[in-house]
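Have a look at the structure below, then the notes.
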Amino acid sequence: MDVFKAAAVRTRTHGDVLSLAAGQPSTSAPAPVLRATREALETHLLGYTETLGILPLREAIAKHHALEAGVTVHADDVVVTTGSSGAFTLLFLAAFDIGDTVVMARPGYPAYRNTLAALGCRVVELDCAAESRFQPTVAMLDALPEPPKGLIIASPANPTGTIIDADELAAIARWCENNGTLLISDEIYHGISYGDVGTSSAWETSKESVVIGSVSKYFSMTGWRLGWMLLPSTLRRAVERLASNMTVCPPAISQLAAVAAFTAESRTELDGHVRRYARNRHIVLDGLTKAGVTDLAPADGAFYAYADIGHLTQDSRAWCENVLASTGVALAPGVDFDTVHGLETVRFSFAGTTEDVTEALVRLTPILS
Ligand SMILES: Cc1ncc(COP(=O)(O)O)c(C=O)c1O
């Protein structure tokens with residue numbers, strides 16, 4: 001967010017910012033969602049909804065997962081939340097107590113760590129490197145002194161974009177079931193992958209796990225603040241009671257509109273964005289490699305390239321500030337995602353337009369070479 005702030009200042013003073021920092025699509029919600037929004041504004045009261053989300057949306061989400069993962073998912077399994085961020089807070093409160101150990105990958109999405117810490121949980125980070133595609137493995141879990149209360153995985157991951165392959169994910173899910181560990185599988189980047197390694201869902205192996213979803217990434221709807229969980233029945237009542245106290249319900253207008261995100265027409269539009277991400281990914285990976293930045297995480301999915309730039313700096317934060325000042329290109333320093341090795345890494349987001357990504361690489365090349 002500090003990068004965003006600095007980029008906003010630079011936009012005011014120079015007007016030349018190209019952002020490869022933002023972890024969000026550069027497009028609006030798909031047309032059917034926009035149409036449904038207009039209709040809802042005209043015809044609905046837009047009062048509170050059911051705490052767990054309106055039934056048509058829960059049904060659409062259940063069907064979406066059933067088709068994607070080939071498993072039976074009922075509307076009752078789905079809890080709609082205020083962004084997946086809202087799901088994490090509810091889930092952590094419902095499932096964990098102060099002092100419980102929760103394990104996650106490093107590098108990883110920083111909000112897991114920060115939210116868990118704010119709730120008094122003990123966060124243990126697994127140092128995940130290139131050998132395991134920056135992802136946790138069963139071998140790492142076996143090496144823990146005792147099974148943790150929870151494990152969070154993200155596939156595709158932020159910041160690396162790497163995907164856990166189907167066999168390893170199934171093995172992790174079985175390990176968690178056998179050891180009494182709640183597996184939380186962040187699948188919010190599903191739908192954005194590039195073919196080399198496909199995504200699979202934790203619910204294909206274990207319905208004792210929690211699957212996290214969101215309209216933010218594939219569906220191109222970050223600001224609508226809608227996410228969801230596929231939740232084991234044991235946690236449902238606690239989550240419902242927490243949610244009804246903390247937020248009452250997710251935004252009504254977003255819920256009504258999001259039903260239309262799961263239609264064939266929306267998918268056609270959204271798949272077009274994924275094809276653009278694929279082109280942008282090629283431009284970024286090619287440009288970085290040619291500029292001598294070759295230590296890159298395999299960008300299997302999401303819209304990120306995560307690079308080791310230890311040959312250029314030992315302070316990624318200051319380096320990103322300098323890059324913004326000298327080129328107008330905003331990047332995310334790795335230190336946000338990895339408090340140990342992140343001073344030598346940086347994340348490039350390629351969710352923007354192809355023109356912007358191409359121009360950004362032109363500006364960056366002299367600095368990277
Ligand atoms: C891995 C991951 N999980 C969760 C989120 C939160 O997304 P939202 O609250 O918009 O659903 C993000 C946002 O960038 C993310 O990268």
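Divide the volume of the convex hull of the Cα atoms of the stretch 232-299 by its number of residues and quote the answer in cubic angstrom per residue. Present the calculation step by step, with values, prior to reporting the outcome.
On the way: hull volume 12.9 nm³, N = 68.
Cα convex hull per residue, to the nearest whole number: 189 Å³.
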Measure off 7 Å from each Cα along the Cα-to-Cβ vector at Ala139 and Thr289, then give the distance between these two points in nanometres to one decimal. 2.6
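State in Å² the accessible area per residue of the stretch 42-261; use a 1.4 Å probe, count heavy atoms of protein chains only, and round to the nearest integer.
On the way: 8620 Å² over 220 residues.
Here the per-residue accessible area is 39 Å².
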Over all Cα pairs of the stretch 217-352, how is the pair count split among 10 Å bins, expressed in % and running from 0 up to the last occupied bin? 10, 28, 25, 24, 12, 1
Here the stretch 109-122 yields Karplus 3J(HN,Hα) values (6.51, -1.76, 1.60; θ = phi - 60°; whole Hz; Gly and Pro given as x) of 6, x, 5, 4, 4, 5, 5, 4, 5, 5, 8, x, 7, 9
Please list, in chain and number order, the residues 5+ apart from Leu18 or on another chain whose amide H is under 5 Å from its amide H, with Hs placed from the backbone. Val329, Ala330
Express as a percent, rounded to the nearest 5, the fraction of DSSP beta bridges in the stretch 42-261 (both residues included) that run antiparallel. 30
Hey, can you grab everything whose amide H is under 5 Å from the amide H of Asp186? Only 5+ residues off in sequence or another chain; H modelled, so Pro and N-termini drop out. Ile153, Ala154, Ser155, Ile212
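Can you bin the stretch 64-193 into rounded, prolate or oblate? Criterion: square roots of the alpha carbon gyration tensor eigenvalues sorted a ≥ b ≥ c, rounded for a/c under 1.5, prolate for a/b above b/c, oblate for the rest.
Values: a/c = 1.37, a/b = 1.09, b/c = 1.25.
Note, shape of the stretch 64-193 comes out rounded.
Using only the Cα atoms of the stretch 42-261, build the gyration tensor, take square roots of its eigenvalues as a ≥ b ≥ c, and label the shape rounded, prolate or oblate: rounded if a/c is under 1.5, else prolate if a/b is larger than b/c, else oblate. Mind dumping the intermediate values first?
On the way: a/c = 1.80, a/b = 1.42, b/c = 1.27.
In terms of gyration-tensor shape, prolate.
Glu59 to Ala170: FRET efficiency via 1/(1 + (r/R0)^6), r the Cβ-Cβ distance, R0 22 Å, to the nearest 0.05?
Values: r = 27 Å, r/R0 = 1.23.
For Glu59 and Ala170, the calculated efficiency is 0.20.
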Assuming R0 = 22 Å, what is the FRET efficiency of Tyr48 and Ala111, from their Cβ-Cβ distance, to the nearest 0.05? 0.25
Hits in the stretch 183-224: amide N under 18 Å from the 7 Å Cα→Cβ extension of Met1, namely 222-224
Under Karplus coefficients 6.51, -1.76 and 1.60, residue-wise ³J(HN,Hα) of the stretch 292-300 in Hz, glycine/proline x: x, 8, 10, 8, 10, 5, x, 7, 5
Counting helices only, and only those DSSP H runs with n ≥ 4, report the 222 nm mean residue ellipticity of the chain as the sum of -39,500 (n - 2.57) divided by its residues, in deg cm²/dmol to the nearest 500. -13500 deg cm²/dmol
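By its C-alpha gyration tensor, with a ≥ b ≥ c as the square roots of the eigenvalues, how is the chain shaped: rounded for a/c under 1.5, else prolate for a/b larger than b/c, else oblate?
Numbers: a/c = 1.71, a/b = 1.22, b/c = 1.40.
Oblate, because a/c is 1.5 or more while a/b does not exceed b/c.
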For the stretch 44-56, Karplus-derived ³J(HN,Hα) couplings (6.51, -1.76, 1.60; θ = phi - 60°; whole Hz; x for glycine and proline) come out as 10, 6, 6, x, 4, 10, 4, 4, 7, x, 5, 4, x
Name all residues of the stretch 195-232 having a backbone nitrogen under 17 Å from the label point set 7 Å from the Cα of Leu41 along its Cα→Cβ direction, giving them as ranges. 223-225
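So if each residue of separation counts as 0.36 nm, and I subtract the Cα-Cα distance between Glu177 and Ala8, what length gain in nm does that give?
Working: separation 169, 0.36 × 169 = 60.84 nm, distance 4.61 nm.
In short, 56.2 nm is gained.
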Out of all DSSP beta bridges in the chain, what portion is antiparallel? Express it as a percent rounded to 5. 45
Please give, to one decimal in nm, the separation of the simple spin-label points placed at Ser85 and Arg236, each 7 Å out from Cα toward the Cβ. 2.9
The stretch 42-261, accessible surface, carbon-and-sulfur percent (1.4 angstrom probe): 51
Label-point gap, in nm, between Val362 and His74 - each point 7 angstrom along Cα→Cβ: 5.8
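The values are calculated or read from the model by the stated rules, or taken from the named source; none is laboratory data. Because the structure is predicted, anything quoted here is derived from the model rather than measured. Don't worry about glycine lacking a Cβ; one is built from the backbone with ideal geometry, like all the others, and counts go over all protein chains shown. Side chains are part of the model used for accessible areas, which takes the heavy atoms of the whole protein and leaves out ligands, DNA and RNA. Shrake-Rupley method; radii C 1.70, N 1.55, O 1.52, S 1.80 Å.
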